[in-house]
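Reviewing the structure listed below.
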Amino acid sequence: MRTRSAENEIPLSTDPGDPRGWCALAARRLAEDRPEDALEAARRAVDHDPGAEHAAGWGYRLASLAFERLGRSAEAVAAAEEAVRLAPGSWAARLRLGAALRHVPGRWRESRAQAARAVRYAPQEPDPHVLAGDLALLRGEHRAAEGAYREALRLLDGHAGARVGLGLALLRWESPRDHHDPAWPVDPRETGRARRALESWARQTRLLLAAALVAAAVTAFATGLTTWAEIGGGAVLAAVVAITLRQARRVRLWPYVPGMLARDVWLAASVSVTPLALAAYVAAVATLPRAVSRSAAGDLDGTWAVLAGTVLLNGVAVFVLRVLAEAWRGRPVTALAQFAAAGGDRTARRAADVTLWLVAGRAWSVLAAVAVAARITGEPRWAAVAPVVLLAPAWAYGGTRRSRSPRSPRSPRSPGNPHGPHGPHDSRGPRGRRLSGRAHGGDRWLVAAAVTLAAASAALGGSALLAVYGRGRADDLAWWCGAGALAAFAAVFAARSAWAWWQGSPGPWRASLIMHDGRGDRLPGDAGPPVGLSGDVRRAFTHAREVVLSCAAPGGPRALAVGAVGAIGPGGELRLIAAADAWEAAERDPRVAVFAAGPAERGFWVEVRGIAVGDPEAGVLRVTPEHVTVGEFPGRHRGRARAG
């Protein structure tokens, strides 16, 4: 007995008039990341097969994928919709349409619906689960994304896209357009303009208030012209009103602003801090005369200093809070293990570098807190925990080397993983081993940062040890050395950030994390070939006296007699004339099996497993083949297999 299904290893045809041969060439070009050549080959396949008689929409799926990689989203959707029309029961066509719709503004819900259909049609395939995870991740639904990626990895452990996606979900990654809900029926460019207007209003207002307060304070304290300083400070409020009115006109999507603020925490922080800074500015300007005339009143001076600090340092405070929050968000050590298991994938290497910076940022913040606590309390022994802090970065570094996930049953060579257990995306293969060396050594700035952390940890730990033995001056010197090492780390981070900005390359921050683009040595599932029917199988269904449909039922599997096979599509699609109970069964679970017996003198039977979708207009059930099995009836040659 033999089962046939779509594989990623597609043989090329030498016949220039063979549409499947052109499709195979297009798939090969996509695997080589040559979308222009792939699009040309897919077009030739469609031209040689205008009715999809031989390729069953394969050419349209490949053209859609090529269009998507070329950034032509509208054409990608149109080609994918044609593939679905030709083969509505094809999980690959549904997957392709869902992936194409993901890039069209306002069509996220449609994309999710197509991804859900692909999962329903082929729950044993990893790629539909990956698309479902990607859509959840784009919306910030990290738990749902994590579940989808883990299911994909259960089916195919070496799926690089699932590994990278799972790592991002563990990091609680947000898309660059985190203010925009993909489910909103509005172009993200419109919400982006509204976001920029809100940010510009907050930034311009706070900078203007800070500059005006400095000018008013200098005028009042240096010249004593407090009245004029107060008048000038009040006049600045007119400029604030002008800025507010100007930017408010640019925000054309006011109904979406509350949702944008709820989704983007830092946009909400920037906007909400601005009224606070404005109130502090008004109070500071109003108390200028009293601050000068009663300079001896410490309580009043302290109050004015708090007000001035709120106006001048609110931006710095928000920035520092954001850096610390981004460093402490998610589970970077666990995410690193996923990136390492993705093998030599370039997106995984990039994500591993950024994640190591996040781990280093955590270690720095803890060391800085320890150093400050030791100085404020006057008890250097607080710094005794400093050497322990470096255990986390060391564990993260070693975790990427020792990360080896248990292999799933599907890991050996199979139709879903033709490369075998040591293929291009296998964490145990040679490319997987390369990541261990490159993920950490590729960024020399990261090595320098690690050295400064080690120096700070050793110096602070030494200060605690010296304090135990009563070496006062020595422990103070050691503390200052530790503080200097922490400052050096900040300088390295700033230099690395500036270098990334200058070079236009990924920086050591969360914004450099990106989703997997699906490119690599493994051909995507939505580019795989359809399953066709041989001449013997077609004749068996055409001349069979009885056709049986096996489907799921509440009480278990159920066999239903089919009136007839109305037709067999040129691409191999079975069109069954069936009763209402067969239609109801297909709606409950579209995964069915169709059995038929061949001619009596040939003595063989045929089983086609596929997806049944009702076509009310034609009044038939359309079954798209996924697996074809041909076997012989019991007799002298029991067990002999034939090709489907």
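Return the pair list, or none, for Cβ contacts closer than 7 Å from residues in the stretch 114-135 that are within 11 Å of GLY165 (Cα to Cα) to residues that are at pLDDT below 95 and part of a loop (DSSP other than H, G, I, E, B), at least 6 apart or on different chains.
VAL130/HIS159; ASP134/MET515; LEU135/ARG102
Given the residues ALA145, ALA83, ALA52, ALA56, which is the only one that is open to solvent by less than 60 Å² (accessible area, probe 1.4 Å), at pLDDT 95 or above and touching a Gly at 6+ places or on another chain (Cβ under 8 Å)?
ALA145
Between TRP509, TRP501, which is farther than 30 Å from PRO625 by Cβ and free of Cβ contacts under 8 Å to residues at least 40 places away in the same chain?
Residue meeting the stated conditions: TRP501.
Of the residues in the stretch 209-256, how many are of a type in the set (D, E, K, R) and open to solvent by less than 50 Å² (accessible area, probe 1.4 Å)?
Residues meeting the conditions: 0.
Test each condition in (1) over 15 Å from ALA386 (Cα atoms); (2) at pLDDT below 90; (3) among the hydroxyl-bearing types (Ser, Thr, Tyr) for SER512 and report the one that comes out false.
Among (1) over 15 Å from ALA386 (Cα atoms); (2) at pLDDT below 90; (3) among the hydroxyl-bearing types (Ser, Thr, Tyr), SER512 violates only (2).
In the stretch 66-96, what count of residues is obtained for those that are in contact (Cβ under 8 Å) with a residue 60 or more places away in the chain and either of a type in the set (Gly, Ala, Ser) or assigned to a helix (DSSP H, G or I) (or both)?
10
How many residues are open to solvent by less than 60 Å² (accessible area, probe 1.4 Å) and over 16 Å from LEU307 (Cα atoms) when one looks only at the stretch 268-286?
Of the residues in the stretch 268-286, 4 are open to solvent by less than 60 Å² (accessible area, probe 1.4 Å) and over 16 Å from LEU307 (Cα atoms).
Scan PHE489, PHE493 and give me the residue that is in contact (Cβ under 8 Å) with a residue 12 or more places away in the chain and open to solvent by less than 50 Å² (accessible area, probe 1.4 Å).
PHE489
Got a number for residues in the stretch 257-267 being of a type in the set (Lys, Arg) and open to solvent by 80 Å² or more (accessible area, probe 1.4 Å)?
Selection size over the stretch 257-267: 0.
Only one residue in ARG193, ARG177, ARG206 is part of a helix (DSSP H, G or I) and either among the polar types (S, T, N, Q) or open to solvent by 70 Å² or more (accessible area, probe 1.4 Å) (or both). Which one?
Of the residues listed, the single one that is part of a helix (DSSP H, G or I) and either among the polar types (S, T, N, Q) or open to solvent by 70 Å² or more (accessible area, probe 1.4 Å) (or both) is ARG193.
Check whether at least one residue in the stretch 8-15 is at pLDDT 90 or above and either among the hydroxyl-bearing types (Ser, Thr, Tyr) or surrounded by fewer than 17 Cβ atoms within 10 Å (Cβ to Cβ) (or both), and report yes or no.
no
Checking the structure you have, find out if any residue of the stretch 530-550 is under 28 Å from GLY167 (Cα atoms), within 32 Å of the chain's Cα centre (by Cα), in contact (Cβ under 8 Å) with a residue 24 or more places away in the chain and open to solvent by less than 40 Å² (accessible area, probe 1.4 Å).
no
In the set ARG575, ARG609, which member is in contact with a His (Cβ under 6 Å, 6 or more places away or on another chain) and not hydroxyl-bearing (Ser, Thr, Tyr)?
ARG609
Would you please name the residue that is nearest to LEU156 (Cα to Cα), looking only at residues in the stretch 113-126 that are open to solvent by less than 20 Å² (accessible area, probe 1.4 Å) and not aliphatic (A, V, I, L, M)?
PRO126
One line per residue, one yes/no per condition, for (1) modelled with pLDDT of 85 or more; (2) assigned to a loop (DSSP other than H, G, I, E, B):
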residue	(1), (2)
ALA540	no, no
VAL548	yes, no
CYS551	no, no
ARG575	yes, no
TRP583	yes, no
GLU587	yes, no
PHE595	yes, no
GLU601	no, yes
GLU607	yes, no
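Residue pairs, Cβ under 9 Å, 6 or more apart or interchain, first in the stretch 178-190 and of a type in the set (A, V, I, L, M), second at pLDDT 90 or above and open to solvent by less than 40 Å² (accessible area, probe 1.4 Å). List them.
Between residues of the stretch 178-190 that are of a type in the set (A, V, I, L, M) and residues that are at pLDDT 90 or above and open to solvent by less than 40 Å² (accessible area, probe 1.4 Å), the close pairs are ALA183/TRP108; VAL186/HIS180; VAL186/LEU253.
For the stretch 463-486, which residues satisfy the criterion of being open to solvent by 60 Å² or more (accessible area, probe 1.4 Å) and assigned to a helix (DSSP H, G or I)?
Result: LEU465, VAL468, ARG473, LEU477, TRP480, CYS481.
Go through the stretch 325-339 and give me each residue that's more than 17 Å from ALA145 (Cβ to Cβ) and surrounded by fewer than 16 Cβ atoms within 10 Å (Cβ to Cβ).
Passing the criteria: ALA325, TRP328.
Filter the stretch 497-513 down to the residues that are touching an Asp or Glu at 6+ places or on another chain (Cβ under 8 Å) and buried (at least 17 other Cβ atoms within 10 Å of the Cβ) and list them by number.
PRO508, TRP509, ARG510
Given the conditions (1) crowded, with 22+ Cβ neighbours inside 10 Å; (2) in a loop (DSSP other than H, G, I, E, B), which single one is not true for HIS103?
(1)
Being aromatic (Phe, Trp, Tyr) and in contact with a Lys or Arg (Cβ under 7 Å, 6 or more places away or on another chain) is the filter here; which residues of the stretch 131-172 pass it?
Matches in the stretch 131-172: none.
Report every pair of residues separated by at least 6 positions or lying on different chains whose Cβ atoms are under 6 Å apart, first residue within the stretch 150-172 and among the acidic types (Asp, Glu), second assigned to a helix (DSSP H, G or I).
GLU151/HIS129
Out of the residues in the stretch 328-345 meeting the condition of being in contact (Cβ under 8 Å) with a residue 60 or more places away in the chain and outside any helix (DSSP H, G or I), tell me which one is nearest to ALA160 (Cα to Cα).
That would be ALA342.
Yes/no per residue for (1) within 25 Å of LEU324 (Cβ to Cβ); (2) at pLDDT 90 or above; (3) in contact with a helix residue (DSSP H, G or I) (Cβ under 7 Å, 6 or more places away or on another chain):
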| residue | (1), (2), (3) |
| --- | --- |
| THR191 | no, yes, yes |
| ARG195 | yes, yes, yes |
| LEU213 | no, yes, yes |
| THR223 | no, no, no |
| ARG249 | no, yes, no |
| VAL271 | yes, yes, yes |
| ARG294 | no, no, yes |
| LEU300 | no, no, yes |
| VAL306 | yes, no, no |
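The values are calculated or read from the model by the stated rules, or taken from the named source; none is laboratory data. Note that this is a predicted model, so its numbers are computed, not measured. Cβ coordinates were reconstructed from backbone atoms using ideal geometry, including for glycine residues, and neighbour counts include every protein chain displayed. Remember, those area values only see protein heavy atoms, side chains included, never the ligands or the DNA or RNA. Shrake-Rupley method; radii C 1.70, N 1.55, O 1.52, S 1.80 Å.
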